[in-house]
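Enquirer: Sharing a structure here in structure tokens format.
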Amino acid sequence: MNHFKNKQRDFSSGKMWKNITAQAVPLTVAQLVQLLYNIVDRIYIGHLPHSGSLALAGIGLTFPVTTLVLAFSNLFGTGGAPLFSIERGRGHQEKASEIMGNVFTMILISSIIIMTLCRMFLHPILILFGASSSTLPYAQDYLIVYLTGILFSMSTSGMNGFISALGFPGTAMLTTVIGAVLNLILDPIFIFGLSLGVKGAAAATVISQIVSAVWVIRFLSRKEIEIFLKLPDMKLKKHTVLSILGLGVSGFMQQATNSVVQIVCNVTLQNYGGDLYVGIMTIISSIREIAQLPVNGITSGAQPVLGYNYGAGKNDRVRQGIRFVSLAGIIYTAVLWLTIEIFPAAFIRFFSNDTETLVSGIHAVRIYFLGFVFMSLQFVGQSVFVSLGKAKRAVFFSLLRKVIIVVPLTLIFPMLWGLGTDGVFLAEPVSNLIGGTASFLTMWITLYCRL
């Protein structure tokens, strides 16, 4: 018991940058490991003999579904964890415990509903998402298996934030490390050894998610920690549920709108470039997910620290945290943007050695990542809004960048000046510039300057 109590952090003491970094580093590692669930699948699938390019495009068609699953995890997890941190900072442990229990119940219910609906309408959904007769079989094979593990996937991603909010970022990192290492081991065995192809990739992912889910729930159920998961707290309370949903809708909209953008991009690319460019977008999406991990990790790591200090009324410390996160995000994204612009082929070769994919992909990658540095401004703005409980503003800027800017531009740009597929890739940097700047400046003026 003393071991757990001694490790729990009081975020109101010590330097803010150290507290945030202590949370961010293991969180980033954990998110990287979590990302390996899907990235490793894509790397192996992209190198399947004779069918790698089509199989990779087929996996890309499943992104809207897997992103939607993550959206619901964010709805509950990113809604509950900041509220949990605020109540813990105020010393309201019973309320914090109730929030955790209600989040777990909502994850259980929603995972069953999502799995059932997706299985019922799988074929028409994939056709709507831009599947061709060549890529549809691969997308179906992957999703049929993947859907069986939704409960475990959502439990892991939705509940792991509470471990970090309690001051155990290292344990939160282990949640995903254990599952990802298992996935790394099982992938080549299932995909190549047992000749299961994309079905094998999905099966390895599901098994790994089961192990991760067991780990996180078992830890949160331990009575030795300050606030643990209890059965009475799993009874849904209207006010608590609405508070979680109100704050979590920002994270939900961010991922749900990602799903919408993925659908629009795949359909538009299919119309202008065919399966080749759907596969290229799959690779670009994978590179982006890896590239944005550190800035996502540091903004996610800052949330419990900022929320705790805000709840404790320590506004000067909140301002210090915002300054540190902003500077770190801008520097990192600027350096990585230059790296990608100079060495685009190196990133593409991780996923495919196909000559046609490489030639067309280099041009597309350079266009897509033009405004990468402005993406950090979006992350910082969104994170601060969520950390301090300003749900409506966070929701607005999620919708602004994705729905109001990206989707229309993705449809319009390809028709202008003969841009074609280039127009699809150009929509991203333009949205980062407009949406990211607007989100950050609004946060700075309405929150930072007034704290």
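The values are calculated or read from the model by the stated rules, or taken from the named source; none is laboratory data. Only a predicted model underlies this, so the values are computations on that prediction, with no experimental measurement involved. Methodologically, a virtual Cβ is constructed for each residue, glycine included, from the backbone with ideal geometry; neighbour enumeration extends over all protein chains shown. Just so you know, the surface numbers come from the protein's heavy atoms only, side chains and all, with ligands and any DNA or RNA stripped out. Shrake-Rupley method; radii C 1.70, N 1.55, O 1.52, S 1.80 Å.
Enquirer: Of all residues in segment 333-369, which are touching a residue at least 40 places away in the same chain (Cβ under 8 Å) and surrounded by fewer than 18 Cβ atoms within 10 Å (Cβ to Cβ)?
Expert: Within segment 333-369, the first condition is being touching a residue at least 40 places away in the same chain (Cβ under 8 Å), and the residues that meet it are 333, 336, 340, 347-348, 350-354, 356-357, 360-361, 363-365, 367-369.
Once the filter is applied, which keeps residues that are touching a residue at least 40 places away in the same chain (Cβ under 8 Å) and surrounded by fewer than 18 Cβ atoms within 10 Å (Cβ to Cβ), segment 333-369 yields Phe350, Asn353, Glu356, His363.
Enquirer: Hey, another quick one. Is it fair to say Gln303 is under 28 Å from Leu451 (Cα atoms), buried (at least 24 other Cβ atoms within 10 Å of the Cβ), out of contact with any strand residue (DSSP E or B) (no Cβ under 8 Å at 6 or more places or on another chain) and among the polar types (S, T, N, Q)?
Expert: yes
Enquirer: Which is hydroxyl-bearing (Ser, Thr, Tyr), closer than 25 Å to Val40 by Cβ and modelled with pLDDT of 85 or more, of Thr357, Thr268, Thr339, Thr282?
Expert: Details: Thr357 fails: modelled with pLDDT of 85 or more; Thr268 fails: closer than 25 Å to Val40 by Cβ; Thr282 fails: modelled with pLDDT of 85 or more.
Unique residue meeting the criteria: Thr339.
Enquirer: Out of curiosity, is Ile210 open to solvent by 50 Å² or more (accessible area, probe 1.4 Å) and over 27 Å from Ile244 (Cβ atoms)?
Expert: Working: open to solvent by 50 Å² or more (accessible area, probe 1.4 Å): yes; over 27 Å from Ile244 (Cβ atoms): no.
Considered against the rule, which asks whether it is open to solvent by 50 Å² or more (accessible area, probe 1.4 Å) and over 27 Å from Ile244 (Cβ atoms), Ile210 comes out as no.
Enquirer: Listed residues Phe374, Phe397; which is assigned to a helix (DSSP H, G or I), touching a Leu at 6+ places or on another chain (Cβ under 6 Å), modelled with pLDDT of 80 or more and not small (Gly, Ala, Ser)? Reasoning before the result, please.
Expert: Details: Phe397 fails: touching a Leu at 6+ places or on another chain (Cβ under 6 Å).
Result of the check over Phe374, Phe397: Phe374.
Enquirer: Kindly evaluate Thr116 against the criterion of being out of contact with any helix residue (DSSP H, G or I) (no Cβ under 8 Å at 6 or more places or on another chain), modelled with pLDDT of 80 or more and of a type in the set (Ser, Thr, Tyr).
Expert: On the way: out of contact with any helix residue (DSSP H, G or I) (no Cβ under 8 Å at 6 or more places or on another chain): yes; modelled with pLDDT of 80 or more: yes; of a type in the set (Ser, Thr, Tyr): yes.
Considered against the rule, which asks whether it is out of contact with any helix residue (DSSP H, G or I) (no Cβ under 8 Å at 6 or more places or on another chain), modelled with pLDDT of 80 or more and of a type in the set (Ser, Thr, Tyr), Thr116 comes out as yes.
Enquirer: Could you list all residues from segment 222-243 that are open to solvent by 40 Å² or more (accessible area, probe 1.4 Å) and in a loop (DSSP other than H, G, I, E, B)?
Expert: Arg222, Lys223, Glu224, Glu226, Phe228, Lys230, Lys235, Leu236, Lys237
Enquirer: Next question, about the same structure. Looking only at helices (runs of 4 or more DSSP H) that fall completely inside segment 129-200, which ones have 3 or more residues that are over 30 Å from Tyr308 (Cα atoms)? Please lay out each step first, then the result.
Expert: On the way: elements: 136-146, 150-165, 169-188.
Passing ranges, in order: 136-146, 169-188.
Enquirer: Could you check segment 64-114 and list, in sequence order, the residues that are polar (S, T, N, Q) and closer than 20 Å to Asp233 by Cβ?
Expert: First, the residues of segment 64-114 that are polar (S, T, N, Q): 66-67, 73-74, 78, 85, 93, 97, 102, 105, 110-111.
Passing the criteria: Ser73, Thr78, Ser85, Gln93, Ser97, Asn102, Thr105, Ser110, Ser111.
Enquirer: Within segment 285-296, which residues are surrounded by fewer than 24 Cβ atoms within 10 Å (Cβ to Cβ) and not hydroxyl-bearing (Ser, Thr, Tyr)?
Expert: Just the residues of segment 285-296 that are surrounded by fewer than 24 Cβ atoms within 10 Å (Cβ to Cβ), to begin with: 285, 287-294, 296.
Of everything in segment 285-296, those that are surrounded by fewer than 24 Cβ atoms within 10 Å (Cβ to Cβ) and not hydroxyl-bearing (Ser, Thr, Tyr) turn out to be Ile287, Arg288, Glu289, Ile290, Ala291, Gln292, Leu293, Pro294, Asn296.
Enquirer: Turning to a different aspect of this structure: Regarding Gly311, is this residue within 23 Å of the chain's Cα centre (by Cα) and open to solvent by less than 30 Å² (accessible area, probe 1.4 Å)?
Expert: Values: within 23 Å of the chain's Cα centre (by Cα): no; open to solvent by less than 30 Å² (accessible area, probe 1.4 Å): yes.
Here the answer is no, as Gly311 does not meet what is asked.
Enquirer: Against the conditions (1) surrounded by 20 or more Cβ atoms within 10 Å (Cβ to Cβ); (2) among the hydrophobic types (A, V, I, L, M, F, W, C); (3) closer than 25 Å to Leu399 by Cβ; (4) touching a Lys or Arg at 6+ places or on another chain (Cβ under 9 Å), where does Phe252 fall short? Just the number, please.
Expert: Of everything listed in (1) surrounded by 20 or more Cβ atoms within 10 Å (Cβ to Cβ); (2) among the hydrophobic types (A, V, I, L, M, F, W, C); (3) closer than 25 Å to Leu399 by Cβ; (4) touching a Lys or Arg at 6+ places or on another chain (Cβ under 9 Å), Phe252 misses just condition (4).
Enquirer: Given the residues Gly301, Gly279, Gly321, Gly297, which is the only one that is in contact with a Leu (Cβ under 7 Å, 6 or more places away or on another chain), of a type in the set (Gly, Ala, Ser), in a helix (DSSP H, G or I) and within 17 Å of Asp422 (Cβ to Cβ)? Steps first, please.
Expert: Numbers: Gly301 fails: within 17 Å of Asp422 (Cβ to Cβ); Gly321 fails: within 17 Å of Asp422 (Cβ to Cβ); Gly297 fails: within 17 Å of Asp422 (Cβ to Cβ).
The match here is Gly279.
Enquirer: Before we move on, is Thr257 in a helix (DSSP H, G or I), within 19 Å of the chain's Cα centre (by Cα) and within 20 Å of Ile404 (Cβ to Cβ)? If you could, list the steps in order and put the result at the bottom.
Expert: Details: in a helix (DSSP H, G or I): yes; within 19 Å of the chain's Cα centre (by Cα): yes; within 20 Å of Ile404 (Cβ to Cβ): yes.
In short, yes.
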